[in-house]
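As C-alpha cells, the structure follows; a few thoughts come after it.
The values are calculated or read from the model by the stated rules, or taken from the named source; none is laboratory data. Since this is a predicted model, take the numbers as computed values, not measurements. We place every Cβ from the backbone using ideal geometry, glycine too, and count neighbours over all the protein chains shown.
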Amino acid sequence: MNVNNTIDNQPKYINPYLGGVLLGLLILLTVYITGRGLGASGAVKSAVVTTSNTIAPSATKANNYMSQFVSDDHSPMYTWLVFETLGVLVGGLLSGLLFGRVKKFRTDHGPNITSRKRLIWALIGGALFGLGSQFGRGCTSGAALSGTATFALGGVIVMFSIFGTGYIIAYFFRKLWI
Amino acid sequence: MHIHELNPWRTLIALSAFVVLLVVGFLTMQKPLMAYQLTMDESIKELTESELYFYPWDLEAVIAKETDTIILFDIRDRFVFGQGHIPGAENLSANDLTKEENIARLEELKEKGFTVVLYGEDELQGNGPLMLFRQVGFSNVKLLLGGYNYYFQHKDDLYSTVDDDGYLKGFARFDYADMAAPKEGALNSGAEKKEVQVQRREKTNVAAGGC
Amino acid sequence: MNRNYIFLTLLMLVLAAGTVFLTMDDEPNQVDPEILLQEIIQPTRYVSTDQVAKMIIQGDPSLMLIDVRSEDDFQGYSLPRSVNIPLDSLLTADNLSYLGIPGTKVVFVSDDDIRADQMWVLTKRLGYKGTYVMRGGLNCWMQTIIEPEQPSDDASYADMETYSFRKGAQIYFTGAEEETSDGAKVEVQVQKREKTNVALGGC
Amino acid sequence: MGPLIPNGIIGGGWDFVIALLIGIAFGFILEAAGFSSSRNLAGVFYGYNFVVLRVFFTALIVAMVGIMYFDCLGWLDLSKIFILPTYLGPMIVGGVIMGFGFILGGYCPGTSFTGLAIGKLDALFFTIGLYLGILVFSVAFPLFEDFYSSGSLGNVTLTDVTGIPASYFALAFTVVALAAFWGTMLIEKRVRKNMKQYKF
C-alpha cells in the first residue's frame with residue numbers, strides 16, 4: 001500500500017473537464033467580444049519594451065522588433081494583453097484564496113531534485129519559452145489554444161511542435177520530474 | 001481515486017447550459033427571407049443566358065390568354081400601373097418586393113411551375129429585381145425586354161417586333177471612336193452621311209425609351 | 001468509472017457532429033439579399049452623362065470610371081480616365097481592388113446601362129459602397145455629349161443651359177477646336193495615371 | 001452581431017475593463033484546475049497527470065464547436081475575427097524551443113502567472129526567465145530578422161490550406177480528444193500505481 005495519493009491529501013482542484021468546458025466557453029466569449037483569443041506572453045513582451053524604452057529610448061526605437069510596439073501616445077504597457085494578464089494574477093489569487101492554496105513562498109519540485117536546482121531550471125525554461133514564443137507568435141494560450149480554436153494553421157503548427165517536442169525530450173529530463 | 005470515478009455533475013451542468021444556449025439560439029433564429037442560391041461565378045455566367053428574358057412578341061400569346069403558365073408582374077408603382085398596363089398584368093410595385101407575402105407568392109408560383117415575367121418602365125428598371133430573384137433561386141423569373149415603353153409603342157403590332165432590334169440593349173449603336181474623333185474639317189461628305197445614319201438610329205433609340 | 005462521463009462524451013460527440021450539418025454562410029461578406037433588394041429598387045444609383053462629363057472636365061479626383069465592355073470594345077473607344085473591367089472578369093482580385101476605395105465614386109459604363117447595372121448589382125452583393133451607373137451608357141454619351149442635339153428655339157431656359165454645357169463638353173471631349181485639345185489631352189493623361197496609382201495603392 | 005468590439009457594439013473605452021474581467025476568469029479557471037503547480041503540468045509528459053491534456057483539449061473542442069455554432073447562428077462574423085498569421089519555419093522552431101522550455105521550466109506563461117499569484121517561487125523564476133528570454137530575443141533581433149519573417153503564409157485557416165470545411169476539423173479534433181481522454185485514463189492509472197509518492 002504505497003499509494004498515498006488518495007482523495008484526502010489532494011488539494012481541491014475542480015474537475016479538469018469542468019475547467020476545460022469553462023475555459024472553452026471563456027475563449028468563445030473572448031472571441032465573441034473582442035474578435036481575438038486569449039494570450040499571455042504578450043504582456044511580458046510589453047514589459048520588456050517598456051523597460052527598454054525607459055532605459056534606452058533611442059536604442060529601442062532603432063531596434064526593428066521593439067520599435068513596432070512603441071507608440072508616442074501611450075506607454076507600451078497600455079495594451080489589452082497587459083490588462084488581461086493583470087486579471088490572470090488577480091483571478092489566480094482569488095482561486096487560490098477560495099481553495100486555500102495561498103501560502104508562504106514555496107517551490108514545487110520532483111522528488112529527485114533540490115529546490116535550488118528546480119529554480120535554476122525554471123529560469124532556463126522560462127527564458128527558452130520567452131524566446132520561442134516570439135518566434136511562434138504566441139505561447140500555449142495565445143497561439144496553440146486560441147489559434148487552434150479559431151482554426152488558424154499557425155496555431156495547429158505551434159501546438160503540435162510544443163507538445164511533440166515535449167514528448168520527444170521528456171525522457172531525457174525525467175530526473176527533473178519523477 | 002481516479003478522476004473518472006467521481007461524478008462530473010458540474011461539468012455536465014456547464015456543458016448542458018451551453019447546449020441550452022445553442023438551442024435557444026436556434027429557436028430564436030429568424031429564417032432569412034431569401035438566401036443566395038447562386039454563387040458569384042454562377043450569377044455572372046447566368047447573365048449571358050438568353051432564357052433570362054422574355055421577348056415582346058411573345059406577349060401576344062399571354063395577352064390573348066393562350067397560355068396559362070405565364071404571369072406578368074408590373075413592378076412600376078400603383079399610380080403608373082393605373083394609367084395603363086399590359087392586359088392581364090398584376091401590379092407588384094418595386095417598393096413592395098421585399099414584403100414577405102410577395103416572396104411567398106413567388107415561392108408558390110415557382111412550385112406550381114409558373115413562369116413569372118417582370119416588367120418595368122424599361123428594361124433597366126426590371127434588371128435589378130430580375131438579377132436578385134435569379135440569385136436567390138427563383139429560376140422561373142424572366143424579364144420583359146424593352147419594358148412597358150416598348151410594349152406601348154408596339155402594342156398594335158407585336159408580331160412585327162421580331163424583326164426590330166429597338167428593344168435590344170448591350171451593343172453599340174454608334175461607331176464611338178469615329179464619332180468622338182477630333183473633327184478638323186468642316187462638313188465633308190463622310191460626315192454628312194454619318195449624320196444621317198445617326199439621325200435614323202436616334203429615332204429607334206427614342207422608341208426604345210431613350211436614355 | 002462514472003456513467004456521467006459516458007454521457008458527457010456522447011454529448012460532445014453529438015455537438016461536434018452537428019457542426020458538420022450546419023449550413024454555413026460561405027461568403028459572409030455578401031450583403032443580405034433582402035437589403036440588396038431594397039437598394040436595387042432605389043433609383044439613386046444612376047448618374048447622367050452630363051454629371052459624368054462635368055466630373056471629368058473638372059478633374060474630380062474622386063471619380064473612377066469603370067468600363068464593363070469587352071477588352072476589344074474598350075480598345076476601340078473609351079471615356080478618358082476609365083478603367084476596363086469586363087463583366088465576366090470582375091471576380092479577379094486585381095479588378096476588385098479598384099472597388100471599395102473610401103471616398104471614391106465608381107461609375108460603371110457600358111454600351112447601354114444594362115451591363116453597367118448588372119455590374120452594379122454584382123458589386124453591391126459583394127458589399128462595395130459608392131458605386132453608380134451611368135444612365136444610358138455610351139450610346140447616350142454619344143447623343144448627349146459628343147453630338148448634342150440643339151433644342152428648338154422655344155425650348156425652356158434649362159434645356160438651353162444644358163445644351164450650352166454639352167456644346168462645351170463636346171469641344172473638350174472631341175477636341176473640335178484645336179487650341180483646347182492639347183491642353184485638355186495632357187490634363188486627362190495626368191489624371192489617369194494618378195488615378196491608377198491610387199487604385200493600386202488601395203489594396 | 002459579434003465580435004462586439006470590432007463591430008462597434010461595445011465602445012473601445014470598455015476594452016481594458018473587459019480585458020481585466022476576462023483575465024480574472026482566465027486566471028481563476030487555470031488556478032482552479034490545478035495549473036498553478038508545475039508538477040501537475042509536467043505530469044502530462046510523464047503520464048502521471050493528464051490534467052493539461054484534459055483542460056487544454058476540452059477547452060479547444062468546446063471553443064471550436066462553439067465558434068461553428070455561433071457562426072451558424074449569425075452571432076459571430078468569422079471574417080472579422082483575428083486569425084493568427086502563419087510563419088511556417090519560425091513557428092516550428094518557436095514551438096520546439098517552447099517544448100524545451102515547457103519540460104525544463106514546467107510552466108507556460110499563462111500558468112506561471114497563476115503560480116506566481118499563489119506564491120510559487122518556481123513560477124516567479126519562470127516569469128523572470130520569460131522576461132529575460134524576450135529581452136534576449138529583442139536585443140538580438142537583427143541576427144534573425146530574416147528568419148523571423150520567413151515562411152509567411154498570411155492569416156490562413158486550416159480550411160484555406162486544405163479546402164476541407166472547418167466543421168470537419170472540429171469533428172476530427174473532438175473525436176481525437178475524446179479518445180485521448182479515455183486512453184490517458186488507463187495510462188494514468190498504470191503510471192500512478194508505480195509511483196511512490198505524488199502530492200499534487
Which ones in segment B:58-68 are surrounded by 12 or more Cβ atoms within 10 Å (Cβ to Cβ) and out of contact with any helix residue (DSSP H, G or I) (no Cβ under 7 Å at 6 or more places or on another chain)?
B:Asp58, B:Ala61, B:Val62, B:Ile63
Any residue at all in segment A:131-147 that's facing chain D (nearest Cβ under 7 Å) and in contact with a Pro (Cβ under 6 Å, 6 or more places away or on another chain)?
yes
Across segment A:74-122, the tally of residues that are more than 19 Å from D:Leu130 (Cβ to Cβ) and touching a strand residue (DSSP E or B) at 6+ places or on another chain (Cβ under 7 Å) stands at 1
In segment B:2-29, residues that are away from chain C (no Cβ under 11 Å) and assigned to a loop (DSSP other than H, G, I, E, B) total 1
Conditions (1) touching a residue at least 24 places away in the same chain (Cβ under 8 Å); (2) in contact with a Phe, Trp or Tyr (Cβ under 9 Å, 6 or more places away or on another chain); (3) facing chain C (nearest Cβ under 9 Å); (4) crowded, with 23+ Cβ neighbours inside 10 Å -> B:Gly128 fails only (1)
Residue among D:Phe102, D:Phe141 that alone is closer than 26 Å to D:Leu60 by Cβ and aromatic (Phe, Trp, Tyr)
D:Phe102
Which of the helices (runs of 4 or more DSSP H) found entirely inside segment B:40-113 contain at least 3 residues meeting this: within 17 Å of the chain's Cα centre (by Cα)?
B:40-46, B:100-112
Scan of segment D:75-90 for residues that are within 20 Å of the chain's Cα centre (by Cα) and outside any helix (DSSP H, G or I), ordered by number:
D:Ile81, D:Phe82, D:Ile83, D:Leu84, D:Pro85, D:Thr86, D:Tyr87
Collect the residues in segment D:7-38 that are in contact (Cβ under 8 Å) with a residue 60 or more places away in the chain, under 16 Å from A:Arg36 (Cα atoms) and crowded, with 17+ Cβ neighbours inside 10 Å, keeping them in residue-number order.
D:Phe26
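For the condition in contact (Cβ under 8 Å) with a residue 60 or more places away in the chain, assigned to a helix (DSSP H, G or I) and buried (at least 19 other Cβ atoms within 10 Å of the Cβ), what is the one hit in A:Ser133, A:Ser95, A:Ser52?
The unique qualifying residue is A:Ser133.
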Among (1) touching a strand residue (DSSP E or B) at 6+ places or on another chain (Cβ under 6 Å); (2) modelled with pLDDT of 85 or more; (3) of a type in the set (Val, Ile, Thr) - the single one B:Val62 does not satisfy
(2)
